[in-house]
1. Collect the residues in region 55-76 that are in a helix (DSSP H, G or I) and closer than 20 Å to residue 39 by Cβ, keeping them in residue-number order.
2. Tell me, yes or no, whether region 8-24 has at least one residue that is within 16 Å of the ligand (Cβ to nearest atom) and either surrounded by 12 or more Cβ atoms within 10 Å (Cβ to Cβ) or within 21 Å of residue 57 (Cα to Cα) (or both).
3. Would you check which residues across region 35-81 are within 16 Å of the ligand (Cβ to nearest atom), surrounded by 12 or more Cβ atoms within 10 Å (Cβ to Cβ), within 27 Å of residue 17 (Cβ to Cβ) and free of Cβ contacts under 8 Å to residues at least 12 places away in the same chain and list them?
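Rule-based calculations on the coordinates, nothing more; no lab input. Bear in mind that the values here come from a model prediction, so they are computed numbers and not experimental data. Don't worry about glycine lacking a Cβ; one is built from the backbone with ideal geometry, like all the others, and counts go over all protein chains shown.
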Ligand SMILES: [Zn+2]
């Protein structure tokens with residue numbers, strides 16, 4: 001473990017961070033995380049709740065799972081997904097929302113200098 005637990009100290013660790021953030025870089029995957037915050041879901045539940053195709057949901061779930069964000073358990077023939085680290089994941093999203101709130105303020109105060117990327 002790194003001495004400062006918020007500093008990645010090896011390339012491998014940075015790669016893991018990138019994998020984690022890549023898995024979060026999709027609105028539907030963030031939506032899946034929000035549903036899993038409420039409790040365990042099967043892929044079929046997520047298909048219902050998100051209104052997406054089953055193959056799409058399965059791909060998103062696999063991505064989140066590869067990043068270590070999801071845990072699963074089987075019950076009979078059904079696989080249930082939960083957040084592997086519920087508290088940490090909620091904190092991560094909360095931090096993201098705080099960054100967005102404060103960057104809104106920055107955009108407002110530096111609007112004249114901003115360039116359009118549209
Ligand atoms: Zn749901």
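1. Passing the criteria: 57, 58, 60, 61, 64, 65.
2. no
3. 72
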